Amino acid sequence: MTAVTNGQFDFLTTREGGSRFTTKRQACGGCARCPLMQRKPRIHLVLGGGGAKASAHIGVMRVLEEAGFGIDSIAAASAGALAGLFRCAGYSPEEIVDVMRREMKPRGWRRWLPGGQLFKFLHLLRRGGLQQLIRRHIAEKNLEDLKIPLSVSATDIETGELVILDRGPVETAILATMSLPGAGRPVLRDGRWLVDGSVLCDLPLVKRNPARRSLTIGVQLAATDPGRGSGSGSPSPEKWSSWKVLSQSMCWQLNRMSQESIAQMDVVIRPDTDAYGMADFRNLDFMVAAGEKAAFANMPTLEGIVGSRRPDCARRQKETPATRGETA
């Protein structure tokens, strides 16, 4: 087991590749019992797409919640919506990982085939696999019935409009936001033909009640430099498979079209999943660990934002009972 620390947080990694995140509680100026100092703000999570890479979202959620940040609501696009759905339905991060291991990894002889992972990915999108997955594990039928509010984005393929779905059937909402053009089929909902939400915006922002002062945290899975994982020099045309071209093109698209949303977020967490493909379900555990590592790296930034929004407890501690109007 190895440990990494930055003075306030410990990130423990076991030999098996799992990890555990712990927080060192620190008091300031003797106000350890002050509820304003102990309570952390709730967060609004915005989860981007990325196919199998969305496994990293599970690791991010695990670290944030273990650090004391409660999830107030989730907005998501594409595969990020599936991870968000399970959390909003009440599954713990550990339970989500368990479901994904059983449901997503290729089984039997297919796991040994070069295209076994892609076969599983297409089965989810085109052969009813995703629909069956939702029916087996999600009891809630409508988005408004979920324990945590969930909004997902989709694209109207006829008008080119971004559509936010926050009410109505869970099944069609997830099928629509994950309908990858060319791989999935458009979904008819409310008279509109909808496809993948990431086509127009990978990190969808939704209108929320301004009275709920939650932090907005985005989790972006598209590579910040999509060409970085292709190695040195220019690969020969033979190395650019159709699937790799599609994956690389989507990375560029998602990066360019998410800049406006990113500018309105408090923090954007970027797990390093560049080494994995959109259908790489066999490396699910490594991608979960990548999400944990990225969330841990952003903890000092989050704590700084939280500290700047807290009242000046140090000043209040210096006040005498008389100046506060109290009796000694």
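Taking θ as phi - 60° and the Karplus parameters 6.51, -1.76 and 1.60, the scalar couplings of region 80-86 work out to x, 5, 5, 4, x, 4, 5 Hz in sequence order, x denoting glycine and proline. Note on region 141-186: the C-alpha convex hull projects to 3.2 nm² when averaged across all orientations.
Read-outs: derived from the displayed coordinates by stated rules, not from any lab. Model, not experiment: these values are computed from the prediction.
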